[in-house]
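Chemist: Can you read through this structure? Questions will come right after.
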Amino acid sequence: MKFSTKLLAMICLGLAYEALGASDAIKEFTLDEHTVYTVAVSLDRVTTISFPGPITAIDAAQVTADNKSPASFQIAHSPGTSFLSIRALTHKAASNLNLRWNGKTYVLELVESPTPFYSVIFTPPPEPIDRVEPVSVSPHRLLALLDKAKDYPLLKAYHPESVMQVEYRNYAKQPRVMDYHDYEIQLDEVFRFDPEDTLVFHIRLRNKTDLPLAYAPDGFSLRAGERTYFPSISDASGVIPPKSEMPAYFTVTGTPNGGRNDLSLKNDFIVVVQATPMETNAPPATPPAQPKSDQP
């Protein structure tokens, strides 16, 4: 059987219209308690309305759950479920349906229509994006915080008002030591300056070898949980002499993306730095042999 080009075009056009009508019969809305949603329903079709979770309450006018009571719409809903079905009972019927979900009320305007929605899907509103407040602390201020941490015992004894807002943790009774084979890092004290969202770490680096070890004075990193932080300023020599230990300080301010870290001093902090043996001076070169003289 042969089809004319015109007939094939009409068939394709009809299929396209059917596909368009099917897509129009299914609607998806993002929930907004300040929006009234118009839902078209039919006398001879069922419209199913779906919510993200169980619907806790339904208020409606001219709506019945059975055919015995006079009403404009018939509804079917089982308590505890997240969906309901509805259809119109009279021509040109209109009413509102208020649904309670997640502590909020959402308003639906029901209208009888020859082109109803078969399915209406409501999706939850997007999660609010936490605003990252930038943390900006000048180098001068960081140096002042570092000095205050170093002088903390004296300030607390003679000027307690100057360190009232400083959070402090001392590890003297429960030493926290990180062993890196050739050397150890012992965490002695941690200070938190909340307005600047800055922590000051007082550590000791202990060399267990017979050779001096070198490290980058600003090469510390701090691990707290699954996150890694880098120093905003440091005070360290960069060298650990053989069989000895050296103090060092460094600060952590904010997060790598510029927000607040709000790190608690209760964290199990891990301090990391890469220390390697220093290159020793090469021994003096052996002087070249002198040519032998031919004279006796």
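Chemist: Collect the residues in region 59-78 that are loosely packed, with under 12 Cβ neighbours inside 10 Å and either at pLDDT below 90 or outside the structural domain of Phe117 (by TED's automatic domain parsing) (or both), keeping them in residue-number order. Walk me through how you get there before you give the answer.
Modeler: Initially, region 59-78 is screened for residues loosely packed, with under 12 Cβ neighbours inside 10 Å, giving 66-70, 78.
Across region 59-78, the qualifying residues are Asp66, Asn67, Lys68, Ser69, Pro70.
Chemist: Check Glu127, Glu167 and return the single one that is among the acidic types (Asp, Glu) and outside any loop (DSSP other than H, G, I, E, B).
Modeler: Of Glu127, Glu167, the one residue that is among the acidic types (Asp, Glu) and outside any loop (DSSP other than H, G, I, E, B) is Glu167.
Chemist: If you don't mind, there's one more thing I want to ask. Considering each of Val200, Val177 in turn, give the residue that is in a strand (DSSP E or B) and closer than 27 Å to Asn257 by Cβ.
Modeler: Val200
Chemist: Output yes when any residue across region 209-226 is more than 29 Å from Glu167 (Cβ to Cβ), free of Cβ contacts under 8 Å to residues at least 40 places away in the same chain and either outside the structural domain of Met178 (by TED's automatic domain parsing) or out of contact with any helix residue (DSSP H, G or I) (no Cβ under 8 Å at 6 or more places or on another chain) (or both), and no when none is.
Modeler: If we filter region 209-226 for residues that are more than 29 Å from Glu167 (Cβ to Cβ), which is where we start, we get 209-214.
From what's left, free of Cβ contacts under 8 Å to residues at least 40 places away in the same chain: 210.
Okay, now just the ones that are also either outside the structural domain of Met178 (by TED's automatic domain parsing) or out of contact with any helix residue (DSSP H, G or I) (no Cβ under 8 Å at 6 or more places or on another chain) (or both), so 210.
Yes: one or more hits.
Chemist: Which one is farthest from the chain's Cα centre (by Cα) among residues in region 27-75 that are more than 17 Å from Asn98 (Cβ to Cβ) and among the hydrophobic types (A, V, I, L, M, F, W, C)?
Modeler: Restricting to residues being more than 17 Å from Asn98 (Cβ to Cβ) and among the hydrophobic types (A, V, I, L, M, F, W, C), the top hit is Leu43.
Chemist: Across region 222-232, which residue is nearest to Ile203 (Cα to Cα) among those that are assigned to a loop (DSSP other than H, G, I, E, B) and within 20 Å of the chain's Cα centre (by Cα)?
Modeler: Once the filter is applied, the top-ranked residue is Phe230.
Chemist: Also, I was wondering about something else. Filter region 189-203 down to the residues that are buried (at least 16 other Cβ atoms within 10 Å of the Cβ) and of a type outside the set (A, V, I, L, M, F, W, C), then identify the one that is nearest to the chain's Cα centre (by Cα). Give the derivation first.
Modeler: Initial filter on region 189-203 (buried (at least 16 other Cβ atoms within 10 Å of the Cβ)): 189-193, 196-203.
Add one more test, that the residue is of a type outside the set (A, V, I, L, M, F, W, C), and what stays is 189, 192, 196-198, 202.
On the way: Glu189: 29, Arg192: 22, Glu196: 21, Asp197: 18, Thr198: 20, His202: 29 Å.
Checked region 189-203; the qualifying residue nearest to the chain's Cα centre (by Cα) is Asp197.
The values are calculated or read from the model by the stated rules, or taken from the named source; none is laboratory data. Because the structure is a prediction, the values reported are computed rather than measured. Heads up, the Cβs are rebuilt from the backbone with ideal geometry, glycines too, and the neighbour counts pull from every protein chain shown.
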